[in-house]
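Below: one structure, written as C-alpha cells.
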Amino acid sequence: MADLASEGGVPWPMSRRVLCGTTRVAGHILESTMYNDAEYARDIANEQYEVFKLDPRDWVPNNSRLPVVIYRRALRADSGDLASAFEILFERNDWPPQWRDGIFDYHHFHASAHEVLGIASGSAEVIVGGPGGRVVKVAAGDAMLLPAGTGHCLQAFSGRFQVVGGYPAGQQWDIRREALTPAERATMDALPFPPRDPLDGTHGPVVEHWLHAA
C-alpha cells in the first residue's frame with residue numbers, strides 16, 4: 001500500500017489495514033440492506049478471468065503451486081457502491097474483508113496469507129511478480145487474487161483509486177521485502193484456503209484452478 005492520501009488518492013491517513021467500517025460488526029445489517037445491490041452489481045455474463053503462474057524473481061518467491069487470477073468486470077462499474085458489494089461477496093464466500101485503501105507503491109509480498117483485492121473505484125497499473133514483473137491494468141469492478149508469495153507494487157493510478165482487501169479467515173497478512181528462509185517458504189506453501197471462490201462461490205478460478213493444484 002502507498003500513502004495515497006498525500007498523492008491525491010484515498011482521502012484518509014494510511015492506517016490502511018483497518019477493518020472496513022462496520023462491515024463485520026454489523027454484518028447482518030449490511031447483508032440485509034446490500035444483498036440485492038451486491039447481486040445486481042455482479043457482471044457474470046461479461047466476467048472474464050486471466051490465470052497465470054509466476055516463477056520466482058530475485059527475492060520474491062511468488063507461488064509455484066497456485067496461479068494468480070485477474071477477474072475482469074467481476075462487478076459492473078456503474079452499479080453503485082462497489083466497495084460494499086465486494087465486502088459482501090468476500091464475506092459470504094469465506095474471504096472476509098479487512099480493509100479499504102490503495103496498494104503499496106513498493107515491491108512486497110505476503111508470506112502469511114493469500115489475498116483478494118477488489119477494485120472499488122479508479123484504475124491502476126500494478127506490477128505483479130516482483131521487480132521487472134508483469135504490469136497488470138485494473139479498473140473499477142475488476143479483482144485480483146494473489147496467492148501467498150506473489151509480489152505486487154502500485155506503478156501508477158488515476159481517479160480515486162480504492163481497493164477492498166480480503167483474506168481467508170484466520171490468516172493475518174504480513175509485509176515481506178526480503179527472501180524467505182526454507183522454513184518460512186515451507187510454511188507459506190502449506191497455507192490453506194477456503195474451498196470457495198471469493199467472487200463466484202462454488203464456481204470460479206479457486207474451484208477450477210486452486211483446488212486442483214492443492
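The values are calculated or read from the model by the stated rules, or taken from the named source; none is laboratory data. Everything numeric here is computed off the predicted structure, so don't read it as measured data. Cβ: placed from backbone, ideal geometry, glycine included. Neighbour counts: every protein chain shown.
Below, the figures for the structure above:
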item	result
Residue among Asp37, Asp94 that alone is within 22 Å of Asp200 (Cβ to Cβ), modelled with pLDDT under 95 and not aliphatic (A, V, I, L, M)	Asp37
Search result, residues across segment 40-66 that are among the hydrophobic types (A, V, I, L, M, F, W, C), within 20 Å of the chain's Cα centre (by Cα) and at pLDDT below 90	Ala41, Ile44
Boolean, Asp197 is touching a residue at least 40 places away in the same chain (Cβ under 8 Å), among the acidic types (Asp, Glu) and buried (at least 19 other Cβ atoms within 10 Å of the Cβ)	yes
Residues located in segment 174-188, provided they are surrounded by 17 or more Cβ atoms within 10 Å (Cβ to Cβ) and under 19 Å from Pro67 (Cα atoms)	Met188
Some residue of segment 182-196 being assigned to a loop (DSSP other than H, G, I, E, B), out of contact with any Pro (no Cβ under 9 Å at 6 or more places or on another chain) and under 21 Å from Arg73 (Cα atoms)	yes
Subset tally (residues that are under 16 Å from Asp105 (Cβ atoms) and in a strand (DSSP E or B)) for segment 161-175	4
Among the residues listed as Val163, Val136, the single one being out of contact with any Ser or Thr (no Cβ under 7 Å at 6 or more places or on another chain) and surrounded by fewer than 24 Cβ atoms within 10 Å (Cβ to Cβ)	Val136
Counted residues, segment 50-71 - those being over 18 Å from Gly201 (Cβ atoms), part of a strand (DSSP E or B) and of a type outside the set (Asp, Glu)	5
Unique residue being under 18 Å from Ala85 (Cβ atoms) and over 16 Å from the mean Cα position of the chain (by Cα) when the list is Arg160, Arg185, Arg176, Arg134	Arg160
Count of residues meeting criterion [surrounded by 21 or more Cβ atoms within 10 Å (Cβ to Cβ) and either in a helix (DSSP H, G or I) or in contact with a helix residue (DSSP H, G or I) (Cβ under 8 Å, 6 or more places away or on another chain) (or both)] in segment 200-214	3
Segment 80-111, residues that are assigned to a loop (DSSP other than H, G, I, E, B), within 14 Å of the chain's Cα centre (by Cα) and within 22 Å of Pro131 (Cα to Cα)	Gly102, Ile103, Phe104, His110
